[in-house]
Amino acid sequence: MKIQRPISNKNIWLGKQHDVQIDRPLHSTHPRHPDIKYELNYGFVPDTCAGDGHEVDVYVMGVDRPIDRFTGHCIAIIHRKNDTEDKLIIAPMGINFTDAEIMTQTHFQEQYFDVVLIRP
């Protein structure tokens, strides 16, 4: 059973540790848009439900090789103003990135949306 964990409640996510399953590893291509190449490992938090009815999506920063699973902490949320889902930014414990680093590294996909970065 999936647990409804609204991403709008940033206190559930920010600064907390999360287990992530990767379904689009680093350097893979988007399943419907082959021109989009993933510059970060991209996946989801299992057993959750986001605004689109699927699991809550995440970008994993700070890992420079393709992975299948990851455990890290949420350092930010990308809020998409013109979409039904937001994205968590997960990093290794004790590692942080600047707003500019996050926006640069997620630009390959987030450039198509009107986004705001939410920080703790």
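The values are calculated or read from the model by the stated rules, or taken from the named source; none is laboratory data. Fair warning: this is a prediction, and the values are worked out from it, not measured in the lab. Using ideal geometry, Cβ is built from the backbone for each residue, glycine included, and neighbour counts are taken over all protein chains shown.
Of note:
- Here the range 14-40 is the region considered, the condition is being touching an Asp or Glu at 6+ places or on another chain (Cβ under 9 Å) and in contact (Cβ under 8 Å) with a residue 24 or more places away in the chain, and the residue that is farthest from Thr71 (Cα to Cα) is His27.
- Restricting attention to the range 27-77 and to residues that are small (Gly, Ala, Ser) and assigned to a strand (DSSP E or B), the residue that is farthest from the chain's Cα centre (by Cα) turns out to be Gly72.
- Whichever residue in the range 56-71 is within 14 Å of Asp23 (Cα to Cα) and of a type in the set (Val, Ile, Thr) and, among such residues, is modelled with the lowest pLDDT: Val56
- Index of the failed condition, Cys74 passing every other in (1) modelled with pLDDT of 95 or more; (2) over 17 Å from Val45 (Cβ atoms); (3) in contact with a helix residue (DSSP H, G or I) (Cβ under 6 Å, 6 or more places away or on another chain): (2)
- Taking the range 78-97 as the range and being in a loop (DSSP other than H, G, I, E, B), without any contact (Cβ under 8 Å) to a residue 40 or more places away in the chain, of a type outside the set (A, V, I, L, M, F, W, C) and at negative phi as the test, the residues that pass are Lys81, Asn82, Asp83, Thr84, Pro92, Asn96.
- Filtered by the rule that a residue be surrounded by fewer than 16 Cβ atoms within 10 Å (Cβ to Cβ) and β-branched (Val, Ile, Thr), the range 95-112 gives Ile95, Thr98, Thr104.
- Filter result for Val20 (part of a strand (DSSP E or B), of a type outside the set (Ser, Thr, Tyr) and surrounded by 15 or more Cβ atoms within 10 Å (Cβ to Cβ)): yes
- Candidate set: the range 64-86, residues that are surrounded by fewer than 18 Cβ atoms within 10 Å (Cβ to Cβ) and among the β-branched types (Val, Ile, Thr); chosen: the one nearest to Trp13 (Cα to Cα): Thr71
- Restricting the range 36-55 to residues that are of a type in the set (A, V, I, L, M, F, W, C), in contact with a Phe, Trp or Tyr (Cβ under 9 Å, 6 or more places away or on another chain) and at pLDDT 95 or above, the residue that is nearest to Thr84 (Cα to Cα) is Val45.
- Residues (on the phi > 0 side of the Ramachandran plot and touching a residue at least 12 places away in the same chain (Cβ under 8 Å)) located in the range 41-72: Asp47, Gly62
- Verdict on Pro31 being surrounded by fewer than 17 Cβ atoms within 10 Å (Cβ to Cβ) and either farther than 21 Å from Phe108 by Cβ or of a type in the set (Phe, Trp, Tyr) (or both): no
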